[in-house]
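Heads up, the thing below is written out as structure tokens.
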Amino acid sequence: MRIPGFDYQQVTVGDGVALNVAVRGSGTPIVLLHGFPQTHLMWRHVAADLAADHTVLCPDLRGYGDSGKPADTGETYSKRTMAADVVALARAFGHDRFALAGHDRGALVAIRAGLDHPDAISHLAVLDVLPTLDMWDVLQGVRGAVGFHLYLMAQPPGLPEALIGGAPETFYGHFLDAWTQRPDAIPADIRAEYLRASDEATTSIVADYRATATIDVEHDTVDREAGNRLGMPVTVLQQDWGAALGYDAVGLWQAWAADLRHRTVTSGHFMAEESPAEVVKDLRELLAR
């Protein structure tokens, strides 16, 4: 499936991996990164609006959708590697500096891009995640059961892939159902595409999550100990996870971002599909900073 009005290309980035990317518009560039269990299609409403006065790039992350799915070597699906993909993608279109917005898994890639490539990222938007180290710290006790999939996919290769592969539609569909407040925000054809794409990418999706319990922790720990922070304007949109899990969301983010605007949303996790006008408003305000 495609976002209407967008052109599509396969662009080779690091390690010979080709990313499927939807492109439209002109003006200052912004790259939009999707989350789990989705593809670039999650940005369809937001991207169409922004393309009126920006160059909009919507890739499938490596390992997802119609992008390449290389075998995991330990660093293949680190957020550092995936962030380098995004920078290479933007440069392939002639953009050495660009705004970046990410949701869920894409947000973790966006955070890493902001830390590793500060000269390339002009503005950063993060939708409904915490930085990796903070995420693991707050998932405690029975309240942490909401993140059961994080622990499942952190297991050694073989077990999670086999379990998910036994009932992929049930597994991936669970998140599409449980994490949205408006089921009509993900219509049947989009849902079917998410399920198809995820089923075909189980091995690489698990590798992406496994990296978040291993090498991504190592990379983030180095930055935390060195006091590295995101220097560009940062906007964070989150559900009220602080209240649900018992932490100070703004306080956690202030440790990572010097120029922060944090807003708690009332929509579900898939806010770009449930409340696209609100997300567009926040992104436009970010781009104006």
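The values are calculated or read from the model by the stated rules, or taken from the named source; none is laboratory data. Every value quoted in this text rests on a predicted model; they were computed, and no experiment measured them. All Cβ positions, even for glycine, are placed from backbone atoms using ideal geometry, and neighbour counts span all protein chains on display. What goes into the accessible areas is simple: the full protein's heavy atoms, side chains included, and nothing from ligands, DNA or RNA. Shrake-Rupley method; radii C 1.70, N 1.55, O 1.52, S 1.80 Å.
When the chain is fully extended, how far beyond the present Cα-Cα distance does residue 240 get from residue 159, taking 0.36 nm per residue of separation?
25.9 nm
With point charges of +1 on the Cβ of Lys and Arg and -1 on the Cβ of Asp and Glu, referenced to the Cα centre of the chain, which listed residue (90, 197, 288) lies farthest in the positive direction of the dipole?
Comparing the listed Cα positions along the dipole, 288 ranks first.
Along the Cα→Cβ direction, 7 angstrom out, place labels at residue 199 and residue 93. What is the inter-label distance in nm?
Here the answer is 3.1 nm between the modelled labels.
Using the Karplus curve 6.51 cos²θ - 1.76 cosθ + 1.60 with θ = phi - 60°, what ³J(HN,Hα) values do you get for each residue of segment 5-12, in whole Hz, with x for Gly and Pro?
Ordered by residue, 3J(HN,Hα) equals x, 9, 8, 10, 9, 9, 10, 7 Hz.
In square angstrom, what is the accessible area per residue of segment 164-256 with a 1.4 angstrom probe?
44
Looking at the square roots a ≥ b ≥ c of the eigenvalues of the Cα gyration tensor of the chain, which shape do they give, rounded for a/c under 1.5, prolate if a/b is larger than b/c, or oblate?
The shape class here is rounded.
Using a Förster radius of 25 Å, what is the FRET efficiency between residue 226 and residue 28 based on their Cβ-Cβ separation? Nearest 0.05, please.
The pair residue 226/residue 28 has a calculated efficiency of 0.25.
Rounded if a/c is under 1.5, else prolate if a/b beats b/c, else oblate: with a ≥ b ≥ c from the C-alpha gyration tensor eigenvalues square-rooted, which is segment 204-248?
Taking the square roots of the gyration eigenvalues as a ≥ b ≥ c, segment 204-248 is oblate.
Given a 1.4 Å probe and every protein chain left where it sits, what share in percent of the accessible area of the chain is carbon and sulfur?
The computed percentage sits at 53.
So what is the 222 nm mean residue ellipticity for the chain from helices alone, if each DSSP H run of at least 4 adds -39500 (n - 2.57) and you divide by all residues, rounding to the nearest 500 deg cm²/dmol?
-12500 deg cm²/dmol
Tell me, what is the 1.4 Å probe accessible area of residue 199, in Å² to the nearest 10?
For residue 199, solvent-accessible area is about 80 Å².
With the dipole of the chain worked out from charges on the C-beta (+1 for Lys and Arg, -1 for Asp and Glu) around the Cα centre, which of 151, 58, 99 lies farthest toward the positive end?
Towards the positive end, the residue furthest out is 99.
What shape does segment 50-196 have by the C-alpha gyration tensor, where a ≥ b ≥ c are the square roots of the eigenvalues, rounded means a/c under 1.5, and otherwise prolate means a/b greater than b/c and oblate the rest?
prolate
To the nearest 0.05, what FRET efficiency results for residue 9 and residue 255 with a Förster distance of 51 Å applied to their C-beta separation?
It comes out at approximately 0.85.
With every protein chain kept in place and ligands, DNA and RNA left out, what is the accessible area per residue of segment 1-79? Probe 1.4 Å, answer in Å².
Accessible surface, normalised per residue, equals 35 Å².
Nothing charged except the Cβ atoms of Lys and Arg (+1) and of Asp and Glu (-1): what's the magnitude of the dipole of segment 1-137 about its Cα centre? Round to the nearest 20 debye.
So the magnitude is around 260 debye.
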